[in-house]
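Throughout, read-outs are computed from the coordinates displayed, never taken from laboratory work. The structure presented is a predicted model; accordingly, all values stated were derived computationally and were not measured. Please note: Cβ atoms are built from the backbone with ideal geometry, for glycine as well, and neighbour counts cover all protein chains shown.
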């Protein structure tokens, strides 16, 4: 089975989106070693607004924050978001400043550089790309996704080809506005895999609630890495009685019974003609009180595999129910699972047939 890697964005994008980038290093320290042992492809911990906010609002040295995180996370690559020629600021900097900044960042513990330009203008990426390759960093070229008459699939592929020519190691579809949809995700990933040939990383924001299904279609289409971007502004609590207009995914130590691994509550219309059926809202809760840990079971075989269980739960968000017959034991929607299991990571033919039966 082809592995799919996960990058965690909690320490950069999550609190930038949710808390105006106000998480202090003291808030991060208690969890760093656990995050380092989870088996993530990378931890995005720096860049974006974190540099500015640390100096302007938190009275912290952003360089010391980077060094501290690296000391506590020696086993997992650290990643940053770099705004092309803007670096971590709000205007263009000289080529020399870009080169020196990137070299210093690598020297202080950063491994992966995700570089984007809001206009997908390759000229604003060239200097940074060269500097990253010269200092031995991983260069992830990012496509800023949006919707307009000029933002076409062919245009995105052409831009990705330009990033490849600059030496990109991976290509990221950066859905910073939460506008990507599942089937657009599938088409983009397939096109990038077929025509560019680099590993594809999909990063979504959760504003419209489509991120989980985007990730599912991305994996089906061959994506190599997915992120865990989330944007919401309410306390997370599943809605057992009535929907509240927000899809939620979180871990809880108190909401689920001891023998329950995860639960998805779905609100929708599942009867009547297929054209009238719809998903209104869903909430997904993982049991964080289980005796075993959550992680990547291909790395730690005793763990509950997050991707394995999440794929099963995503089936519920599409309206599928659990299967309990022994003849369905290999299907993703089989209702039993165990620590170390990874076979639910990919939808099987029966699962896909169930979705088609609901909506076609």
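Could you calculate the contour length gain from residue 100 to residue 289, that is, 0.36 nm times the residue separation minus the distance between their Cα atoms, to one decimal place in nm?
Between residue 100 and residue 289, full extension yields an extra 63.4 nm.
Would you mind calculating the gained length between residue 151 and residue 181 on full extension (0.36 nm times residue separation, minus the Cα-Cα distance), in nm to one decimal?
9.4 nm
Roughly what % of DSSP beta bridges within the range 248-359 run antiparallel, to the nearest 5?
50 percent
Report the label-to-label distance for residue 302 and residue 195 in nanometres (one decimal), using points 7 Å from each Cα along the Cα→Cβ vector.
4.8 nm
Using Stokes-Einstein with the Kirkwood hydrodynamic radius over Cα pairs, what translational diffusion coefficient do you get for the range 5-226 at 20 °C and a viscosity of 1.002 mPa s, in µm²/s rounded to a whole number?
Answer from the Stokes-Einstein relation: 122 µm²/s.
Have a look at 314, 87, 290 and tell me which one the Gaussian network model of the chain (Cα, springs below 10 Å) gives the largest fluctuation.
290
Which semi-axis lengths, in whole Å and largest first, follow from the square roots of five times the eigenvalues of the Cα gyration tensor of the range 262-314?
Semi-axes, largest first: 31, 12, 6 Å.
Taking square-rooted eigenvalues a ≥ b ≥ c of the alpha carbon gyration tensor, is the range 248-359 rounded, prolate or oblate, where a/c under 1.5 means rounded and, failing that, a/b exceeding b/c means prolate?
Cα axes put the range 248-359 in the oblate bin.
Please say if the range 91-168 is rounded, prolate or oblate, where rounded means a/c under 1.5 for a ≥ b ≥ c the square roots of the C-alpha gyration tensor eigenvalues, and otherwise the choice is prolate for a/b larger than b/c and oblate otherwise?
prolate
Would any residue of the range 142-166 have its amide N under 20 Å from a label point 7 Å out along Cα→Cβ of residue 134? List them or say none.
Once the point is set 7 Å along Cα→Cβ of residue 134, 163-166 turn out to lie under 20 Å by backbone N, inside the range 142-166.
Rounded to the nearest 500, what is the chain's calculated 222 nm mean residue ellipticity when only DSSP H runs of at least 4 contribute -39500 (n - 2.57) each, over all residues?
-9500 deg cm²/dmol
Comparing 65, 123, 114, which has the greatest mean-square fluctuation in the GNM of the chain with Cα pairs linked when under 10 Å apart?
Among 65, 123, 114, the largest GNM mean-square fluctuation belongs to 123.
Can you tell me how the range 1-40 classifies by the Cα gyration tensor, rounded, prolate or oblate, using a/c under 1.5 as the rounded cut?
oblate
Select from 306, 157, 147 the residue whose mean-square fluctuation is largest in a Gaussian network model of the chain (Cα-Cα springs shorter than 10 Å).
Of the options given, 147 has the highest mean-square fluctuation.
Over the chain, what is the percentage of antiparallel beta bridges among all DSSP beta bridges, to the nearest 5?
Of all bridge pairs located within the chain, approximately 20 percent are antiparallel.
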